[in-house]
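A short worksheet on the structure shown next.
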C-alpha cells in the first residue's frame with residue numbers, strides 16, 4: 001500500500017472537538033500503517049500558506065479553515081489535496097475528493113430512533129451551517145414520512161471557532177419560549193452534542209424533566225459533552241476515525257498516480273449510542289411501556305411473549321390489542337424488531353461472526369437469525385454488513401453506492 005518513498009503530508013485540522021480528534025486518529029492510523037508518511041499537523045490558522053510553502057508537503061488533507069484565501073494559496077502550492085469533514089467547498093477551493101459525514105442520513109437515524117420509541121411530537125434545533133441543515137432535513141423528512149410534524153428551530157450565536165465549531169445557544173430566546181409551551185412528551189434532536197448539552201441545561205433550569213418531558217438526542221457522540229451533561233446525552237455516532245482513514249488512503253492513491261474522478265464521499269452514521277437523555281418510551285399506557293422496556297433491556301437474550309407476560313402480568317390478548325393500538329405491531333413483532341436492531345448494530349460496529357452476532361442479539365440458531373433478519377431488513381446479515389461498510393459517492397449526478405474496499409486495520 002502506497003510508495004516506499006518518504007512523503008511529507010500536511011494536515012489542517014482543528015482539535016477542539018472529538019470529531020476532529022477522531023479524524024486525526026484515523027489519518028494517523030493510516031500514516032502508521034504505511035510507514036512512509038511524515039505528518040505535519042497545522043491548526044486552521046491564518047498563516048497556513050506560509051507553513052505549506054516552508055514545509056513543501058507532497059499532499060494536503062484539508063479540514064475547516066479560518067481563512068479561505070490562505071486555503072486557496074495552500075492548495076495551489078500542493079496541488080494533490082483531499083478535503084476532510086468541514087472542508088469549505090463553497091469558498092472556491094478545488095480538491096479532487098472530499099470525505100464527509102452523510103448528514104442527511106444522520107438525521108434519518110435520529111428520527112427513526114424516536115419514532116420507534118413511540119414519540120408523536122418532534123423538534124430539531126440547528127444552526128446556520130450546511131451540515132446542520134442536512135441533519136435537520138433528514139430528521140424532518142423522516143418524521144413526516146412517519147405521519148408526524150416537526151418543529152424546526154435555528155439558534156445561532158457568535159461562533160468563536162470555524163467549522164463544526166464551538167458555539168452555545170441563547171438560553172433566553174425563542175428556543176426557551178418554545179420549550180416552555182411545547183407539547184409533552186417531546187423528542188428533540190440537536191444538530192450536535194454541544195447544542196444538546198446546552199438544551200439539557202436549559203431544561204434543568206426550567207424544571208423541565210429530561211427525558212420524561214423532553215427527550216434530547218445529540219450528534220457526534222462527543223464523549224466529554226455527552227458524559228458531563230446532566231443527564232448524560234444520547235447521541236448519533238459518526239465514523240469520524242474511518243472518515244479520516246479513508247481520506248488519507250485516497251490521498252495516498254493519488255500520490256501513487258492513480259486517476260481519481262472528482263467526488264464527494266459520504267459515510268453513513270454508525271447508529272445511536274443511548275444514554276439517559278432518551279432512556280424512556282413515549283407511551284401513555286403503563287403496561288405497554290413496561291413491556292417495551294423489558295423487551296429492550298433483554299435485547300441480547302432469547303425472549304418470548306411469555307417472558308414479557310411474566311414481567312408484565314396482563315392477559316395475552318389484552319397485551320396484543322394494546323400493542324397494536326400504540327405501536328401498530330404485535331409484541332412478537334416488537335421482540336423481533338429489537339433483536340434485529342441489536343444485530344444490525346453488532347454487524348456494523350464489530351467483527352463478530354454471523355453466528356456470534358446471532359447469539360448476542362437474542363437469536364439461538366444462525367439459520368433462524370438469517371431468516372428473521374432477511375424478512376425484516378430485506379437482505380442477509382452478510383449483505384447488510386457489506387453495504388453498511390460502503391461509502392456514497394456524489395459526482396454531480398445521482399447518489400450511488402461504491403463497493404467497499406477491503407477493511408484496513410484501524411485499531412480500536
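Read the figures in this text as sums done on the coordinates, not as results from a lab. Because the structure is a prediction, the values reported are computed rather than measured. Positions of Cβ are generated from backbone atoms using ideal geometry, with glycine treated the same way; all protein chains shown enter the neighbour counts.
Springs join every pair of Cα atoms under 10 Å in this Gaussian network model of the chain, and among 76, 200, 247 the largest mean-square fluctuation is at 76.
Note: relative contact order over the stretch 21-91, using C-alpha pairs below 8 Å and six or more positions apart, is 29 percent.
For the stretch 286-387, calculate the relative contact order in percent as a whole number, restricting contacts to Cα pairs under 8 Å that are 6 or more residues apart.
RCO, the stretch 286-387: 27 percent.
The stretch 65-83 and the stretch 174-204 have Cα centres lying 38 Å from one another. Placing a label point 7 Å from the Cα of residue 253 along the Cα-to-Cβ direction, the residues of the stretch 43-63 whose backbone N falls under 20 Å of that point are 58-63. Placing pseudo-labels 7 Å out from each Cα toward the beta carbon at residue 228 and residue 293 gives an inter-label distance of 3.1 nm. Protection proxy ranking of 102-112, 256-266, 362-372, by the mean of other Cβ atoms within 10 Å over each peptide's residues and highest first, is 102-112, 362-372, 256-266. For 60, 332, 23, 176, the sequence from fewest to most other C-beta atoms within 10 Å is 332, 176, 60, 23. Compactness of the stretch 270-334 is given as radius of gyration and Dmax, 12.1, 38 Å, from Cα positions.
Per the Debye calculation on the stretch 1-82 with a single equal scatterer at every Cα and no solvent contribution, log₁₀ I(q)/I(0) for q = 0.21 Å⁻¹ amounts to -0.95.
Mind checking the full-extension length gain between residue 201 and residue 386? Use 0.36 nm per residue of separation minus the Cα-Cα distance, one decimal, nm. Walk me through the numbers on the way to the answer.
Working: separation 185, 0.36 × 185 = 66.60 nm, distance 4.01 nm.
Stretched out fully, the residue 201 to residue 386 stretch lengthens by 62.6 nm.
Ranked by the mean number of other Cβ atoms within 10 Å per residue, highest first, peptides 49-56, 288-295 order as 288-295, 49-56. Residues 119, 245, ranked from the fewest to the most other C-beta atoms within 10 Å, line up as 119, 245. Take 352-358, 220-226 and order them by the average number of nearby Cβ atoms within 10 Å per residue, most first; the result is 220-226, 352-358.
Could you tell me whether the chain comes out rounded, prolate or oblate from its Cα gyration tensor? Rule is a ≥ b ≥ c as square roots of the eigenvalues, rounded for a/c under 1.5, then prolate if a/b exceeds b/c, otherwise oblate. Oblate, because a/c is 1.5 or more while a/b does not exceed b/c. Ellipsoid semi-axes for the stretch 286-387, based on the Cα gyration tensor and the rule √(5λ), read 27, 13, 11 Å when sorted largest first. Based on Cα contacts under 8 Å between residues 6+ apart, the chain shows a relative contact order of 15 percent. Given the options 208, 243, 216, which has the most mean-square fluctuation in a GNM of the chain, springs set between C-alpha atoms less than 10 angstrom apart? Result: 208 has the largest fluctuation of those listed.
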